[in-house]
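What follows is a single structure, written as structure tokens, with notes after it.
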Amino acid sequence: MVILHSLAIVVELLCARAAGAPSAEELRPRFCTRCGQLSWDGGKVWVQGHGFYSRQVCGLSAGWMVIWVRRYLCRRCGHTMSRLPDWLHPWRWYAATVIVETLYRHVILRETARAIGARCGRGDRQEWRSLRRWRAQLLVSPTLWGWLGSRLGIRKAAETRQQGQAHLTRWLGEMRLAWESPAKVLGALAVAVRSSLNGLVHDRHSAWPATQFRPGTDGGSPSGAKPTAVPTEEDPVRGPPS
């Protein structure tokens with residue numbers, strides 16, 4: 001599982017190993033998101049630091065960069081948890097603000113895919129499959145605000161740009177930005193994204209507040225068992241998306 005936390009700091013501090021970055025204690029979850037075991041109980045640490053893994057991320061201003069994500073292990077059930085910053089969706093290459101801004105330019109401002117791609121450092125290539133995929137998955141995919149979809153009346157993927165515009169307008173309305181000027185929307189997207197993601201727990205299928213214990217369905221593994229693989233761990237075979 002992945003827990004999104006507040007990390008609105010400069011790029012130099014995105015690395016969990018950098019001086020000034022949040023410590024292991026600052027990021028330690030209050031309890032295991034699978035079995036509910038308190039991190040500190042009876043003077044003993046049950047949810048302990050479990051190293052780091054690297055993630056490639058693309059942001060509009062910083063371009064492609066590598067960040068290090070802190071990971072934790074529950075000594076009671078063997079479950080692992082990661083702490084991602086609240087501007088990055090789990091299992092996505094591009095920062096969440098990049099995804100929303102490119103969709104806004106694509107379905108509302110009607111900019112060309114070539115122009116939008118150039119802003120993201122894609123050169124002169126016109127075809128961008130990620131842009132169409134984000135348009136279809138917004139408010140439907142668990143990792144693109146899908147948990148908001150049912151509440152906002154969105155249950156099917158957007159097949160056209162017009163449908164994508166309707167879905168994004170619903171998202172902007174939820175963030176109280178739907179009827180603002182383009183300049184104000186673009187200027188407020190980063191804050192809106194962080195407020196929508198901060199304090200959530202993801203398990204690939206859904207998301208819920210980190211303050212709410214929602215145990216897994218398998219009951220966990222015995223104490224001392226080998227932890228499951230972390231789904232956000234960087235696949236060394238794959239490179240950045242095209």
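Quick notes on this one:
- Sparse packing (at most 10 other Cβ atoms within 10 Å of the Cβ) combined with a DSSP loop state is found for the following chymotrypsin sites (Phe, Trp or Tyr not before Pro) in the stretch 147-201: Trp179.
- Sequence-ordered 3J(HN,Hα) estimates for the stretch 203-209 from the Karplus curve with 6.51, -1.76 and 1.60 and θ = phi - 60° stand at 9, 6, 9, 6, 9, 7, x Hz, glycine and proline given as x.
- Sorted ascending by nearby beta carbons within 10 Å, beginning with the fewest, Thr143, Thr102 become Thr143, Thr102.
- Extension gain (nm, one decimal) between Gln56 and Leu38, 0.36 nm per residue minus Cα-Cα: 3.4 nm
- Calculated FRET value between Ala183 and Arg30, using beta carbons and R₀ = 35 Å, to 0.05: 0.30
- Residues of the stretch 161-185 with amide N under 14 Å of the 7 Å Cα→Cβ point at Arg155: none
- Two-site FRET efficiency, Gln48 against Arg132, from Cβ-Cβ distance with R₀ of 51 Å, rounded to 0.05: 0.75
- Label point 7 Å beyond Cα of Trp64 along Cβ direction - residues of the stretch 72-106 with amide nitrogen under 18 Å: 91-96, 98-99
- Cα gyration tensor shape for the stretch 96-195, rounded if a/c is under 1.5, else prolate or oblate: oblate
- By other beta-carbon atoms within 10 Å, ranking Arg75, Arg176, Arg119 with the fewest at the front produces Arg176, Arg119, Arg75.
- As a proxy for reagent exposure, Val191, Val98 were ordered by neighbouring Cβ count within 10 angstrom, fewest first; the result is Val191, Val98.
Values in this text are rule-based calculations from the coordinates and carry no lab data. This one's a predicted model, so the numbers in the text were calculated from it and none came from an experiment. Neighbour counts run over all protein chains shown; Cβ positions are idealised from the backbone, glycine included.
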